[in-house]
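All remarks here apply to the structure that follows.
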Amino acid sequence: MPQITAVILASGNGSRFGRPKQFALLAGLPLLIQTIRPFQQNPLITSIVMVTREADCHKVENMIISHQMDKVIRVTPGGASRQESSWFGLKSCPANSDFVLIHDGARPLVSAALLQRLIMALHSYPAVNTVINTADTIIELDSNNFIKNIPDRSRLRRCQTPQGFHYRLIKEAHQYAIRQGLREITDDCGLVLAMGGKVFTIAGEETNIKITYEQDLQIAEKLISNSQNDVFQYTPTP
């Protein structure tokens, strides 16, 4: 079996949420613990690396211990940007990792089925993005806020996480970006593309929402209640 490490990024300051959202309660548990749970429960995932603010590392370590998230092998401080935080997380992964799944710490509703699809795809493709269709028309603006272009939405997708990579590839992509001075790429798949690589896509899920504002927490509460926890259950492939 491949060694699979999940890197969970939770080093933001929650400016749009109004407080550090990783500690907000969701269905009776801290949001960060709800995010870790699907990775902790999935038997295919070997280990978990947490990336958080340096000031929060001790608090996160204690929270992980108290909730028995024993697959978490390391809590590491994040960087000045998402790209840097992702790089710090990758450097903290076990050297024998085959696949790495990079996930937003504010997406607590990733399902077992989605994790399974992503891991299966990584057996065939070295970089995989999780995407969903867009129901809205997307417009491109010029510098004066006039519409410049209306792309065909049938070919547009919204990106989610987790995203999956062969460990060597994503490390190489980050190293390439550092050498080239590319420091403002906000998505790990963008680093692979910048290096000339290709990224396969799999279907994400509408319920895999990102908690950005306070009202998102209320939506997530309802989704958890409606799912009756089915979203967290792992079903082996026959």
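Key figures
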quantity: Yes/no for residue 189 being touching an Asp or Glu at 6+ places or on another chain (Cβ under 7 Å), closer than 21 Å to residue 106 by Cβ and not aliphatic (A, V, I, L, M); calculated: no
quantity: Test for residue 211: is it at pLDDT below 95, touching a Lys or Arg at 6+ places or on another chain (Cβ under 8 Å) and not hydroxyl-bearing (Ser, Thr, Tyr); calculated: yes
quantity: The lone exception for residue 80 - which of (1) among the small types (Gly, Ala, Ser); (2) under 22 Å from residue 64 (Cα atoms); (3) free of Cβ contacts under 8 Å to residues at least 12 places away in the same chain it fails; calculated: (2)
quantity: When residues of segment 40-56 are limited to those that are hydrophobic (A, V, I, L, M, F, W, C) and more than 25 Å from residue 214 (Cβ to Cβ), the one farthest from the chain's Cα centre (by Cα); calculated: 44
quantity: Residue match in segment 196-216 (condition: farther than 21 Å from residue 131 by Cα and part of a helix (DSSP H, G or I)); calculated: yes
quantity: Residues of segment 45-94 that turn out to be of a type in the set (A, V, I, L, M), crowded, with 16+ Cβ neighbours inside 10 Å and more than 22 Å from residue 1 (Cα to Cα), as a count; calculated: 6
quantity: Unique match (being over 24 Å from residue 24 (Cβ atoms), touching a Ser or Thr at 6+ places or on another chain (Cβ under 6 Å) and among the hydrophobic types (A, V, I, L, M, F, W, C)) among 156, 169, 122; calculated: 156
quantity: Residue under evaluation residue 130, criteria (1) surrounded by 13 or more Cβ atoms within 10 Å (Cβ to Cβ); (2) over 12 Å from the mean Cα position of the chain (by Cα), criterion not met; calculated: (2)
quantity: Qualifying residue in segment 93-111 (condition: of a type in the set (Val, Ile, Thr), in contact with a Lys or Arg (Cβ under 9 Å, 6 or more places away or on another chain), farther than 25 Å from residue 226 by Cα and touching a residue at least 40 places away in the same chain (Cβ under 8 Å)); calculated: yes
quantity: Residue satisfying all of: in segment 154-174; of a type outside the set (A, V, I, L, M) and exposed (fewer than 14 other Cβ atoms within 10 Å of the Cβ); farthest from residue 209 (Cα to Cα) among these; calculated: 168
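A quick yes/no check of all residues on (1) within 17 Å of residue 111 (Cα to Cα); (2) of a type in the set (Ser, Thr, Tyr); (3) at pLDDT below 95:
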| position | (1), (2), (3) |
| --- | --- |
| 33 | yes, no, no |
| 41 | yes, no, no |
| 51 | no, no, no |
| 55 | no, no, yes |
| 62 | no, no, no |
| 66 | no, yes, no |
| 69 | no, no, no |
| 74 | no, no, no |
| 77 | no, no, no |
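The values are calculated or read from the model by the stated rules, or taken from the named source; none is laboratory data. The structure displayed is predicted, hence computed values, not measured ones. Cβ sites come from the backbone with ideal geometry, for glycine too, and all protein chains shown count toward neighbours.
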